[in-house]
1. May I ask you to list the residues in region 317-348 that are of a type in the set (Gly, Ala, Ser) and either within 12 Å of the ligand (Cβ to nearest atom) or in contact (Cβ under 8 Å) with a residue 40 or more places away in the chain (or both)?
2. Taking the conditions exactly as written (open to solvent by 20 Å² or more (accessible area, probe 1.4 Å) and farther than 30 Å from THR463 by Cα), does ALA117 satisfy them or not?
3. Please verify whether region 130-139 includes one or more residues that are in contact (Cβ under 8 Å) with a residue 12 or more places away in the chain, more than 10 Å from the ligand (Cβ to nearest atom), under 17 Å from GLY273 (Cα atoms) and open to solvent by less than 20 Å² (accessible area, probe 1.4 Å).
4. From ILE45, ILE58, ILE86, grab the single residue that is touching a helix residue (DSSP H, G or I) at 6+ places or on another chain (Cβ under 6 Å), under 26 Å from LEU200 (Cα atoms) and either at pLDDT 95 or above or open to solvent by 40 Å² or more (accessible area, probe 1.4 Å) (or both).
5. Inspect all residues belonging to region 238-259 and state whether any of them is away from the ligand (no atom under 16 Å from the Cβ), assigned to a helix (DSSP H, G or I) and over 19 Å from the mean Cα position of the chain (by Cα).
6. Identify, by number, the condition in (1) open to solvent by less than 30 Å² (accessible area, probe 1.4 Å); (2) more than 14 Å from the ligand (Cβ to nearest atom) that SER153 doesn't meet.
7. Among the residues that make up region 184-200, is at least one of them within 30 Å of ARG252 (Cα to Cα), surrounded by 14 or more Cβ atoms within 10 Å (Cβ to Cβ) and within 20 Å of the chain's Cα centre (by Cα)?
8. Kindly check whether there is at least one residue in region 63-78 that is in contact with a Lys or Arg (Cβ under 8 Å, 6 or more places away or on another chain) and polar (S, T, N, Q).
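The values are calculated or read from the model by the stated rules, or taken from the named source; none is laboratory data. Quantities reported herein were computed from a predicted structural model and do not represent experimental measurements. A quick note on method: Cβ atoms are made from the backbone with ideal geometry, for glycine too, and the neighbour counts reach across all protein chains shown. Calculation scope for accessible area: heavy atoms of the full protein, side chains included, ligands and nucleic acids excluded. Shrake-Rupley method; radii C 1.70, N 1.55, O 1.52, S 1.80 Å.
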Amino acid sequence: LQIGRRDSGLPPGPPTQPLFGNLLAFPKGSPHYQFTRWAKRYGEIYSLKLGPKTIIVITGASPAKELMERRSGSTVDRPPLYVGDIVVGGMNILLARYTVKWRMLRKAVHAMLTPQATLQHLPIQQAEASQLAFDILKTPEAFYTHVRRYSSSVILSVLFGVRSPRYEGGRVAQFFAMQHEWERIVEPGAQPPIDLIPILKYVPERWAPWKTLCRKVRAVQQELYFGMLEECERRIANGLRNGCFMESLLDRQKELALDRESVGYLGGALVEGGSDTTSAFLHSLILAMISYPEAQKKAQQELDSVVGHDRIPALDDMASLPYIQAVIYETHRWRPVAPLAAPHATIKEEFYNGYCIPAGATILVNTWGIYHDENIYEDPTKFWPDRFIKSEFGTRDGVDDVDRRHTLPFGFGRRMCPAVNLANNSLFDKIKDPQTGDPIHYDLWDYKKGIVTGPNPFRCTITPRSTRHAELIEQAFYASTETFLPFEGEMSGEDKRYAAAMRGLSHLFK
Ligand code: HEM
């Protein structure tokens, strides 16, 4: 029996079983942990067989650079994903195969997320960061959902031009509930292997819970994304533009040859790409700050000495805040939000180090494993930003780090995250806030499963360091009202009342 067997020429890997290959040993959740254990045994490039299919797992910066960057033209594809197709019908830029359609979507995104274009969105990002600090000041116990509101509201404002001033009852809670189910649907190994055993497609829904899940997620996505698109179209028709991404996309729809469905799904995929990633990162950051109080103290000292106590830090301060920058790098290293990035696939046969990688193989880059290799990083499970002060990429003395880059957590080659600049601005905008958490010990491993991963809800106390800090936070929030207003016209009546009450203007909405 050939099926399931590792062909000669493939990189090594765990022993296979006839027909199944490594299918039965394939982890059902958080596969990056098992992939990292296998990497210790089989090296920085190894292979897995799932029936007739081949998966290549890369856990080293050098093979990642060579295969995913230098030979990106050959590794740019995505593997077929049946569950993804039935939810989004090939319309999602993240899951799209290497087609003319993907190239058009990617071109549209690039034009609007250049570093220059991203600067245009900075005021609303900063205003949203001021609400996050204000929310945490007023109801610190709800910090977890405040962070989610923040990350989603930034993305919804930037993309669709409508902000979300509250979490519960608004769009954000509905989005996150759907998004976590969606991320579970597409996580490698989480669903039955329908792409391997196509007959599973015909199992009746009562025995195939994944079908119900897919239907539910599709319905919520359509309601959310096309509802917001309609609002945007209405705003343009009424002459009330606010410079959001979807307005430019609608203006350029013909030139980019995108139909309305593609436009709605592109906006939706960007909301998906931007919300949970940013909030998962910030949750990990808070977890790190409360579990490693010495790092928190150093960050505060740096802010005090560079920014002082009379103003809120600005993005321009970043160049003078090397420790804060190291905290951001270390959070990405310690808890990469996409520990396996997103699966790539080969378009043609590639040879690497004497191995043959066939056309159509899936490639998973184990970012988690790369960042937790003790030969490269001293004490890798420890959150220790100083490693990025000691050496540019945080590696041990003497490690050759020519193949490393700071944007590694954002993926690879032509599929690399198109929103690196926008994301980094959002991350910095939150990190700068001068607040503090309790030094208590937490379960540092209670992370949710899915293609994007972040800590499950945890509790901590966050208090302002002085009344002066609290005043600055309040002032910054009230001063942001003007920036918020163009993004509030299309909000629901309840959202408008909520925003007015926050600003002490409830009487205007009687
Ligand atoms: C902490 C923040 C973020 C991280 C760590 C992150 C990480 C990633 C990673 C690892 C990938 C897969 C790359 C690959 O396949 O090699 C990706 C793709 C993508 N990201 Fe992000 N991302 C972040 C924020 C955002 C934001 C804010 C947006 C949108 C506004 C976004 C939109 C996308 C899109 C559309 C793709 C698919 C690209 C394609 O397949 O062509 N991401 N991101």
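1. Within region 317-348, ALA326, ALA338, ALA341, ALA342, ALA345 qualify.
2. On the way: open to solvent by 20 Å² or more (accessible area, probe 1.4 Å): yes; farther than 30 Å from THR463 by Cα: yes.
The answer is yes for ALA117.
3. From region 130-139, those in contact (Cβ under 8 Å) with a residue 12 or more places away in the chain are 130-137; that's our starting set.
Restricting the remaining residues to those that are more than 10 Å from the ligand (Cβ to nearest atom) gives 130-137.
When the remaining residues are screened for being under 17 Å from GLY273 (Cα atoms), the result is none.
No, because not a single residue in region 130-139 is in contact (Cβ under 8 Å) with a residue 12 or more places away in the chain, more than 10 Å from the ligand (Cβ to nearest atom), under 17 Å from GLY273 (Cα atoms) and open to solvent by less than 20 Å² (accessible area, probe 1.4 Å).
4. On the way: ILE45 fails: under 26 Å from LEU200 (Cα atoms); ILE58 fails: under 26 Å from LEU200 (Cα atoms).
Being touching a helix residue (DSSP H, G or I) at 6+ places or on another chain (Cβ under 6 Å), under 26 Å from LEU200 (Cα atoms) and either at pLDDT 95 or above or open to solvent by 40 Å² or more (accessible area, probe 1.4 Å) (or both) holds for just one of ILE45, ILE58, ILE86, which is ILE86.
5. Keep residues of region 238-259 that are away from the ligand (no atom under 16 Å from the Cβ), which gives 238-242, 250-255, 257, 259.
Filter once more, keeping what is assigned to a helix (DSSP H, G or I): 250-251.
Okay, now just the ones that are also over 19 Å from the mean Cα position of the chain (by Cα), so 250-251.
Within region 238-259, one or more residues are away from the ligand (no atom under 16 Å from the Cβ), assigned to a helix (DSSP H, G or I) and over 19 Å from the mean Cα position of the chain (by Cα).
6. (2)
7. Step one: of region 184-200, the residues within 30 Å of ARG252 (Cα to Cα) are none.
Taking every residue of region 184-200 in turn, none turns out to be within 30 Å of ARG252 (Cα to Cα), surrounded by 14 or more Cβ atoms within 10 Å (Cβ to Cβ) and within 20 Å of the chain's Cα centre (by Cα).
8. Taking region 63-78 first, the residues in contact with a Lys or Arg (Cβ under 8 Å, 6 or more places away or on another chain) are 72-74, 76-78.
Keeping just the survivors that are polar (S, T, N, Q) gives 72, 74.
Looking for residues that are in contact with a Lys or Arg (Cβ under 8 Å, 6 or more places away or on another chain) and polar (S, T, N, Q), one finds at least one in region 63-78, hence yes.
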